[in-house]
1. For the chain, what does the helix formula give at 222 nm: sum of -39500 (n - 2.57) over DSSP H segments with n ≥ 4, over the residue count, nearest 500 deg cm²/dmol?
2. Be a star and scan region 225-246 for residues whose amide nitrogen sits under 11 Å from the point 7 Å along the Cα-to-Cβ vector of residue 296.
3. Hey, could you pull the Cα Rg and Dmax for region 8-95, both in Å?
4. Using 7 Å Cα-to-Cβ label points, what is the residue 8/residue 110 separation (nm, one decimal)?
5. Once you have the Cα-Cα distance between residue 117 and residue 249, take 0.36 nm times their residue separation minus that, and quote the gain in nm to one decimal.
6. If packing is taken as the average number of other Cβ atoms within 10 Å across a peptide's residues, how do 248-258, 194-204 rank, most packed first?
7. Just the projected area, averaged over all directions, of the convex hull on the alpha carbon atoms of region 125-181: how many nm²?
8. How much of the DSSP bridge set in the chain is antiparallel, in percent, rounded to the nearest 5?
Amino acid sequence: MSGRTNQHVAVLMGGPSSEREVSLSTGRGCVEALRGEGFRVTEVDAGTGGAGSGAELVARLQQVAPDVVFNALHGRWGEDGCVQGLLEWLRLPYTHSGVLASATAMDKSRSKALFRAAGLPVVESEIVSREEAMEDHVLDPPYVIKPNNEGSSVGIYIVKAGAKMPPELPDTMPDEVMVEAYAPGRELTCTVLGSAGREQALTVTEIETEGWYDYAAKYETGGSRHTLPARVPEAILKACQDYALRAHWALGCRSLSRTDFRWDEKRGPSGLILLETNTQPGMTPTSLTPEQAAHAGLSFGALCRQLVEDASCDR
C-alpha cells in the first residue's frame, strides 16, 4: 500500500454527457477502490449541465479542497478538455490526460489526422453535415455514420452494402458527423498504462458480441464476451501493442488510454485497422481496462492508486 494514502482525493463523476450513467458507475467503483487503498475520498457529481453548473462545480471543488482530482467522467465536457482546463485553472492535480490530448482524442477527425501522420493504419472518412449524410451516400456502402466527438459507440449507424439510401438521422445527432468506411473483422483493444516515459501496452482483448459493439454491448452484463489475451497470431498482438503505444504518444496522452482496432484476418497484418483512442476508458464491472490490468497482475485498487500517484497539473 502506498505511503501517500493520507491524500484527499475527489472523484469527479456524472456530468452532463450522454455517458452520465456510465460515469457514475465508473466513479462509484473507483471511490470504493481508493478507500480500500486507504485514501480519504469525496464523491463530486459534476452535475447535469444546467445553467451555472460550471460555477457550481468550481465552488464545490473549492469547498472540498482535495489534494488530487480523480477524473471518472466520460463523454463530452469531461473527456474533451473542458473539465481538464477547469482543473488547470484551479491548479488541482488531476488524473488521465491533459487539455490538448483530451480534446484531440475526442475529435475523431483530428485524432485520425495525427494517426496518419504517425504512420498508423486508419480508414477513409469525411466530415459532413447531418443533412448531407442523409441526402445521399457520401462513401460507397458499407460505411459508418457517427458523431465526430462522442464516445461509447453513442449514435453509431451502419449503412450496409447494397443500401439504396442513407438512414434518417435523429435530431439528437450533431450538426456535423463523420462518415467512415466500414472496417470488417474482429474487434480488438489494447490499454496503455504508465507515467510519461514509462508507458507499457498491456495485453490485447478480443471482444465478441451478437451484433455491433454498441453502448448496450459495452455496459450491460453479458452484452459482450472478452477473451484475453486475444487468440490471434503473435504478430497481430504485437502490432496492436505497438500501435496503441504510438497512438498514445501521437496524441500526447498521459497515464492511461485504450485503443480499439478491427482486424480482418483474411488480409493478414494489412487487415489491422486503428479505430480510435479513448483517454478515459471505462472502469465499470464490465469494462476492458480493469480486466487487462488484472491480467497484468494489477488489482483494481492498485490501478486506481497508480493513476492518483501520477496525477499533476500541466499535463
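1. Taking each H run of at least 4 residues, the total per residue is -9500 deg cm²/dmol.
2. Once the point is set 7 Å along Cα→Cβ of residue 296, 245 turn out to lie under 11 Å by backbone N, inside region 225-246.
3. Computed over the Cα atoms of region 8-95, radius of gyration and Dmax are 11.8, 36 Å.
4. Taking the simple label geometry, residue 8 and residue 110 are separated by 3.4 nm.
5. Additional length available on full extension: 46.3 nm.
6. 248-258, 194-204
7. About 3.4 nm², averaged over all directions.
8. Antiparallel: roughly 80 percent of the beta bridges in the chain.
No lab work stands behind these numbers, since they all come straight from the coordinates. Note that this is a predicted model, so its numbers are computed, not measured. For neighbour counting, all protein chains shown are included, and Cβ atoms are generated from backbone atoms with ideal geometry for every residue, glycine included.
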